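This report concerns only the one structure given below.
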Amino acid sequence: MTSPQMGLTFQTAGKIQFGRGAAAGAADAIAAIGRAAFLVHGATAARADWLKDALIAAGCRVTTFACPNEPDIAGVEAGVAAARAAGAEVVVSLGGGAPIDLGKAVAALVPATRPMLDHLEVVGQGLPLDHAPLPFVALPTTAGTGAEVTKNAVINVPEARRKVSLRDDRMLPDLAIVDPALTDGAPRSVTLASGLDAVTQVIEPYICTKSNRLTDALCRDAIPLGLAALAKLMEAEVTQARDDLAWVSLCGGLALANAGLGAVHGLAGPIGGMSPAPHGAVCGVLLPYVLEANAAEAGPHAAARLADVRGWIAAVLGGTAQDAPATLARWSATHGLPRLGAMGLAREDLPAIAEAAGGSSSMKANPVPLSAAALLGVLERAL
């Protein structure tokens, strides 16, 4: 693993608005982009009523579309058909990572002339889009995925039992509005799972082979900040901790889009295709064991980065830096994070997951090469 590169390219959303209360100006900003808005929301439509009403008041014609689960091919195709029928001029997603990914995919595919599979990675051809996407605006309501500033949408392909990405540089949102107030009062289990995803997404870009000085600057501060915020939120509803975790989630999206991820997300893709396990919970339960597996194979540079991470974990959660992965695993379990077995994974699934993970795009940036046997060991420890 080499040191962070001097030269870099950094891509992100066309405009980012961050801060408590930022969502108040969302409708006017969206109306300035397009008057026919296709609004994607989560399972509960009423949670999007405030934005729908504000868009109508701002002069928009609004069509709503529900994303009750993580997006799959059928859901994306239905969304594309609905957006085309509505004559959508701008796609807006309000929700967690699932509605944001679905909206991002719909915006990308409405103008497309080729089948979706032509553009999907792993199970398809991974071709670039043949037309520029519709304008896309994202408003996250969980602090986890950072999807509001990434250029891919994760889509479940049930036939292949895989989650794969639709990816194109032009899929970066035109506007990301990150208002921590939209995450206030999220259920404890959602906060834990999505928060661990956010923390994982600043740890993996920091230790990965494609890190650079800009992503390092984001991650160094965000890792301890995210751990501390999540620890506070497991004890009480704290406004500043919500603000901090939303910031960490945003930093994670910025970092992963411009550096890379690693074995946690390499394993999470196949797992997501084989079980209904929430993505954040999967990442959270895998993280300690991936840190240990990486440390066992790490060269000097990777070892130094991993030592930084262990030190930050110990500073927030207690214990020694050496035992930090085990401390994190115990802490997560104490606060209700389930094991992979409780999320629907069976032991007989593990070899296939380990084998599939080796070919994932996320695995390419892991700080050390991990064999299928090493990945299987991670899975067995997390089961």
For region 297-330, what are the residues that are closer than 23 Å to Ser211 by Cα, assigned to a helix (DSSP H, G or I) and either within 23 Å of the chain's Cα centre (by Cα) or touching a residue at least 60 places away in the same chain (Cβ under 8 Å) (or both)?
-> Glu297, His301, Ala302, Arg305, Leu306, Asp308, Val309, Arg310, Trp312, Ile313, Pro325
Restricting to region 5-63, what's the tally of residues that are out of contact with any Leu (no Cβ under 8 Å at 6 or more places or on another chain), surrounded by fewer than 19 Cβ atoms within 10 Å (Cβ to Cβ), hydrophobic (A, V, I, L, M, F, W, C) and closer than 13 Å to Ile177 by Cα?
-> 1
Residue check for Pro187: touching a Phe, Trp or Tyr at 6+ places or on another chain (Cβ under 7 Å), open to solvent by 30 Å² or more (accessible area, probe 1.4 Å) and on the phi < 0 side of the Ramachandran plot = no
Which number in (1) of a type in the set (Val, Ile, Thr); (2) free of Cβ contacts under 8 Å to residues at least 24 places away in the same chain; (3) over 20 Å from Val316 (Cβ atoms) marks the one condition that Val238 misses?
-> (3)
For residues in region 139-171 being open to solvent by 40 Å² or more (accessible area, probe 1.4 Å) and among the acidic types (Asp, Glu), which is modelled with the lowest pLDDT?
-> Glu159
Evaluate the following for Ala198: is it more than 24 Å from Arg47 (Cα to Cα), touching a helix residue (DSSP H, G or I) at 6+ places or on another chain (Cβ under 8 Å) and assigned to a helix (DSSP H, G or I)?
-> no
Read through the list (1) open to solvent by 40 Å² or more (accessible area, probe 1.4 Å); (2) within 20 Å of Ala357 (Cβ to Cβ); (3) within 14 Å of the chain's Cα centre (by Cα); (4) of a type outside the set (D, E, K, R), then give the number of the only condition that Thr209 fails.
-> (3)
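Mind listing whichever residues of region 127-144 are part of a loop (DSSP other than H, G, I, E, B) and either touching a Leu at 6+ places or on another chain (Cβ under 7 Å) or of a type in the set (Lys, Arg) (or both)? So that I can check it myself, show each step before the final result.
Within region 127-144, the first condition is being part of a loop (DSSP other than H, G, I, E, B), and the residues that meet it are 127-135, 141-144.
Those that are part of a loop (DSSP other than H, G, I, E, B) and either touching a Leu at 6+ places or on another chain (Cβ under 7 Å) or of a type in the set (Lys, Arg) (or both): Thr141, Ala143.
What's the total number of residues in region 363-383 that are polar (S, T, N, Q) and buried (at least 17 other Cβ atoms within 10 Å of the Cβ)?
1
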Filtering region 67-122 down to residues that are over 18 Å from the mean Cα position of the chain (by Cα), surrounded by 15 or more Cβ atoms within 10 Å (Cβ to Cβ), small (Gly, Ala, Ser) and not in a helix (DSSP H, G or I) yields Ala88, Ala112
Could you tell me whether region 323-341 includes any residue that is of a type in the set (D, E, K, R), surrounded by 14 or more Cβ atoms within 10 Å (Cβ to Cβ) and closer than 22 Å to Cys219 by Cα?
-> yes
Any idea which of Arg310, Arg305 is open to solvent by 40 Å² or more (accessible area, probe 1.4 Å), at pLDDT 95 or above and basic (Lys, Arg)?
-> Arg310
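Would you check which residues across region 219-242 are open to solvent by less than 20 Å² (accessible area, probe 1.4 Å) and either of a type in the set (Val, Ile, Thr) or assigned to a loop (DSSP other than H, G, I, E, B) (or both) and list them?
Within region 219-242, Ile223, Met234 qualify.
Considering every residue within region 260-270, establish whether at least one is of a type outside the set (A, V, I, L, M, F, W, C), free of Cβ contacts under 8 Å to residues at least 12 places away in the same chain and not in a helix (DSSP H, G or I). Write out each step before concluding.
Our first condition is that a residue be of a type outside the set (A, V, I, L, M, F, W, C); within region 260-270, this holds for 260, 262, 265-266, 269-270.
The next check asks that each one be free of Cβ contacts under 8 Å to residues at least 12 places away in the same chain; those that pass are none.
No, region 260-270 contains no residue that is of a type outside the set (A, V, I, L, M, F, W, C), free of Cβ contacts under 8 Å to residues at least 12 places away in the same chain and not in a helix (DSSP H, G or I).
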For Leu214, which of the numbered conditions (1) farther than 25 Å from Met116 by Cβ; (2) touching a helix residue (DSSP H, G or I) at 6+ places or on another chain (Cβ under 6 Å); (3) not polar (S, T, N, Q) fails to hold?
-> (2)
From the options Val248, Val282, residue that is under 15 Å from the mean Cα position of the chain (by Cα), under 19 Å from Arg305 (Cα atoms) and open to solvent by less than 10 Å² (accessible area, probe 1.4 Å) = Val248
Residue selected from region 3-22 under the condition over 19 Å from Leu172 (Cα atoms) and outside any loop (DSSP other than H, G, I, E, B), by the criterion modelled with the lowest pLDDT = Gln5
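The values are calculated or read from the model by the stated rules, or taken from the named source; none is laboratory data. Since we're looking at a predicted model, the values are computed, not measured. Cβ sites come from the backbone with ideal geometry, for glycine too, and all protein chains shown count toward neighbours. Please note that ligands, DNA and RNA were not included when accessible areas were found on the heavy atoms of the full protein model with its side chains. Shrake-Rupley method; radii C 1.70, N 1.55, O 1.52, S 1.80 Å.
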